[in-house]
Amino acid sequence: MMRTFTYRFRSPLGGLAADLSARTVPPGEAAAPSVGIHRGVRLLLPRAGLHREDLAWLSFAVALRAEELCARCPKGVHLEIVSLDFPLTDYRPEVAALAMDGWLRGEFDLPDIGVTCSYTGGADPYAFAWGGAEQPLRSPRL
């Protein structure tokens, strides 16, 4: 069953937002193009495609939870991204990872590991935390 997770973070600048719709698909039924994350954990891509940075951040969030997903789904699990919607103003691709983590926590009843965003002000006003993991390389802001 498809479920939508709504991510919202308010800040003095307005904030960050994304709506992620996804569902689990039994491994034998997956037909969409996919990205292997870890063992039997795969991320299935939407028909409309994704921007490369959004795909990277979605994959990163799934990788943070891959061991837990493998333990809960020993035969594998395929996560189909149905859509990722967000306002074009003030969008940061890291928000895709925050939305994916929220969706995974809700879908699999996973604990909060500290994947968060905070407002810090300055030239780069948002700080992201990845539960102790190092964030992947980020494209410089122009």
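Key figures for this structure:
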quantity: Residue-normalised accessible area of the chain, expressed per residue, 1.4 Å probe, Å²; calculated: 55 Å²
quantity: Label-to-label distance, nm, for residues given as Tyr91 and Glu134 (7 Å Cα→Cβ offset); calculated: 2.9 nm
quantity: Cβ charges +1 (Lys, Arg) and -1 (Asp, Glu), total dipole of the range 17-120, debye; calculated: 380 debye
quantity: log10 of Debye I(q)/I(0), alpha-carbon scatterers only, for the range 35-118 at 0.15, 0.16, 0.24 Å⁻¹; calculated: -0.52, -0.59, -1.28
quantity: Calculated [θ] (222 nm, deg cm²/dmol) that DSSP helices of n ≥ 4 give over the chain, each run adding -39,500 (n - 2.57); calculated: -7500 deg cm²/dmol
quantity: Where Met100, Met2 fall by accessible area, highest first, once all protein chains stay in place (1.4 Å); calculated: Met2, Met100
quantity: Angle in degrees between helix 52-64 and the longest Cα principal axis of the chain, rounded to the nearest 10; calculated: 70 degrees
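The values are calculated or read from the model by the stated rules, or taken from the named source; none is laboratory data. Treat the numbers as computed from the prediction; the structure is a model and nothing was measured. When we count neighbours, we look across all protein chains shown, and the Cβ atoms used for this are built from the backbone with ideal geometry, even at glycine. Please note that ligands, DNA and RNA were not included when accessible areas were found on the heavy atoms of the full protein model with its side chains. Shrake-Rupley method; radii C 1.70, N 1.55, O 1.52, S 1.80 Å.
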